[in-house]
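Here the structure is laid out as structure tokens; the discussion comes afterwards.
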Amino acid sequence: MIVNQLPDGWETIYHRAHALLAAQLGGQWKRCDAPLRFYETIAAISHHDDLEKEWKGSHLTEVGAPLDFTLGKESPEVSDGLKKHLDESRYRGRWVAMLTSMHACYLNQNKQEVSEDWRSFLKTQLRNQEQWQKDLEITKEEAEHAYAFMQWCDRLSLILVQRQVPEDGRALEITHGIDNQRYDLRCLENGNLTVEPWSFEDDEFTVNVEACYLSELKYESDDALIDALKQAPIKVLEWTFTRQK
């Protein structure tokens, strides 16, 4: 979960909802510059966080507060859940499986020395990616370009759901991974957002995500948190992007 502390409690956004927001942003991309197999790439973005199951595992800090995903503990072994997530991504096709695998490697690239299990897992993923690229008749560079697009959408979505949009018209770099082009996010005077350079098909569009709101600062157990989340009020958060003339 993405957890934001508010004056009167917690704002929580499920990871799969964040992934759907990322896909919405990707779907707005200018068609003349879209990555290969655009719709399959959007599918990979939409489902890349399906591993996160909000009702499984522990989602509380040591003091009982809802646990933000950035505070989760790293495991010395590769989880069965991650392996299953990557296996199941193949049912959407090799393109989706390749991008999902690339994302798993990116997130866990610093675990090469954690254990032999992680080292073997990452090597297997790289071999799989090479085989899929061969089967799909694409180059490594084309695969990396598509994944850079996926990362860009994921990063912009996280900026939004983590409430990191800067104030006073200041610019925040999203990424510069797509063809080494830097993209900045900025809030306009009317409250709308813009991306510079503008990278979308339409001059204006709106995206959204659902958030749950918890009023208790801490919970006695994961079951108590789950019950609270299921009963929590839900609000739709919206962001309108506008091209600067």
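The values are calculated or read from the model by the stated rules, or taken from the named source; none is laboratory data. Since the model is a prediction, treat every value here as computed from it, not as a measurement. With ideal geometry, Cβ positions are generated from the backbone for all residues, glycine too; neighbour counts draw on all protein chains shown.
Numerical summary
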read-out: Qualifying position, being surrounded by 15 or more Cβ atoms within 10 Å (Cβ to Cβ), among the hydrophobic types (A, V, I, L, M, F, W, C) and not in a helix (DSSP H, G or I), among Ile45, Ile138; value: Ile138
read-out: Index of the failed condition, Asp202 passing every other in (1) out of contact with any Leu (no Cβ under 8 Å at 6 or more places or on another chain); (2) without any contact (Cβ under 8 Å) to a residue 60 or more places away in the chain; (3) surrounded by fewer than 18 Cβ atoms within 10 Å (Cβ to Cβ); value: (2)
read-out: Single residue of Thr41, Thr61, Thr12 found to be at pLDDT below 95 and of a type in the set (Val, Ile, Thr); value: Thr61
read-out: Answer residue from region 186-208, given it is hydrophobic (A, V, I, L, M, F, W, C) and assigned to a strand (DSSP E or B) and is nearest to the chain's Cα centre (by Cα) among those; value: Val207
read-out: Residue identified as within 24 Å of Phe38 (Cβ to Cβ) and free of Cβ contacts under 8 Å to residues at least 24 places away in the same chain among Arg186, Arg155, Arg170; value: Arg155
read-out: Selection from region 209-236 of residues that are in contact (Cβ under 8 Å) with a residue 60 or more places away in the chain, surrounded by 14 or more Cβ atoms within 10 Å (Cβ to Cβ) and either assigned to a strand (DSSP E or B) or not charged (D, E, K, R) (or both); value: Val209, Ala211, Cys212, Tyr213, Leu214, Tyr219, Leu225, Ile226, Leu229, Ala232
read-out: Region 4-30, subset in contact with a helix residue (DSSP H, G or I) (Cβ under 8 Å, 6 or more places away or on another chain), of a type in the set (A, V, I, L, M, F, W, C) and part of a strand (DSSP E or B), residue surrounded by the most Cβ atoms within 10 Å (Cβ to Cβ); value: Ile13
read-out: Some residue of region 166-186 being surrounded by 18 or more Cβ atoms within 10 Å (Cβ to Cβ), at pLDDT 95 or above and farther than 18 Å from Trp29 by Cβ; value: no
read-out: Selection from region 96-114 of residues that are among the hydroxyl-bearing types (Ser, Thr, Tyr) and exposed (fewer than 15 other Cβ atoms within 10 Å of the Cβ); value: Tyr106
read-out: Odd one out for Gly72 among (1) farther than 30 Å from Leu217 by Cα; (2) among the small types (Gly, Ala, Ser); (3) at pLDDT below 90; value: (1)
read-out: Long-range neighbours under 6 Å by Cβ, at least six apart or interchain, first residue within 13 Å of Gln129 (Cα to Cα) within region 85-109, second of a type in the set (Lys, Arg) and part of a helix (DSSP H, G or I); value: Ala97/Arg90
read-out: Counted residues, region 1-32 - those being more than 12 Å from Cys212 (Cβ to Cβ) and polar (S, T, N, Q); value: 3
read-out: Of residues in region 104-122 being in a loop (DSSP other than H, G, I, E, B) and closer than 20 Å to Tyr147 by Cβ, the one modelled with the lowest pLDDT; value: Gln112
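Okay, residues lined up against (1) among the basic types (Lys, Arg); (2) more than 20 Å from the chain's Cα centre (by Cα):
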site: Ser75; (1), (2): no, yes
site: Lys84; (1), (2): yes, no
site: Glu88; (1), (2): no, no
site: Val96; (1), (2): no, no
site: Leu107; (1), (2): no, no
site: Glu116; (1), (2): no, yes
site: Ser120; (1), (2): no, yes
site: Lys123; (1), (2): yes, yes
